Amino acid sequence: MQYGFYFDEGRCIQCRTCELACKSTHDTEPGVKWRNVVETWSGKYPDVVRTFFSLSCMHCKNPACMSACPTGAINKRKSDGIVTIDSSKCNGCRECLSACPYDIPQFGKNGIMQMCDFCTGIGQKPACTASCPTDALYSGNIDNLKEMAKQKGKSIKEMDGTTGPSIIIVT
């Protein structure tokens, strides 16, 4: 089983409620973002398109960060595929950041890596998905999320990459 996220880019209004919910739930320090809404502009005038993407750890099928970690601080849970960090093992070398194609790992003042843990540390549905007012963001079993996209008649975009990011992007 693999858990992941579902993101409907047509429903995201860049309200950043997902960011705020994550930050307040985990009490991360200023400058550290476990979830970040990214804005992208594309096209040429007069056909310019502005899109948003709610970015966090992709809980990849083959996490490059885990392979790069020299201390074994990063692990992938067999039960649900969620990538976790054992901060007591992290030495702050930042090899994970260099390896991650999405620049996800975050480092606070103590220099130890931190990132989205799918809210496993608090034992509830991820705060980012629970708080999204436009239903642009969901979480769960990746197969169920794909089925949900099909039922809604949505087109699924796969993210490129050898890491196999566990996210469904729909348009």
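The values are calculated or read from the model by the stated rules, or taken from the named source; none is laboratory data. Being a predicted model, the structure only gives us computed values, none of them experimental. A quick note on method: Cβ atoms are made from the backbone with ideal geometry, for glycine too, and the neighbour counts reach across all protein chains shown. With ligands, DNA and RNA removed, areas are computed over all heavy atoms of the protein, side chains included. Shrake-Rupley method; radii C 1.70, N 1.55, O 1.52, S 1.80 Å.
Rolling a 1.4 Å probe over the protein chains gives Arg50 an accessible area of about 110 Å². Couplings for the stretch 105-114, taken from phi via the Karplus curve 6.51 cos²θ - 1.76 cosθ + 1.60 with θ = phi - 60°, read x, 10, 10, x, 4, 7, x, 8, 5, 8 Hz in order; Gly and Pro are left as x.
Quick check for the chain: number of Lys pairs with alpha-carbon distance under 20 Å, counting only pairs 8 or more apart or on different chains? So the count of such lysine pairs works out to 17. In whole percent, what relative contact order does the stretch 1-139 give with Cα contacts below 8 Å and a gap of six or more residues? Relative contact order of the stretch 1-139: 31 percent.
Please state the shape class of the stretch 123-171: rounded when a/c is under 1.5, otherwise prolate if a/b exceeds b/c and oblate if not, all from the C-alpha gyration tensor. Oblate, since a/c reaches 1.5 and b/c is not below a/b. Of all stretches in the chain that contain no GluC sites (Glu not before Pro) in a DSSP loop with at most 16 other Cβ atoms within 10 Å, the longest one is 10-157. In the stretch 97-122, whose amide N lies under 19 Å from the spot 7 Å out along Cα-to-Cβ of Thr71? List them in ranges. Backbone N within reach: 97-100, 104-117.
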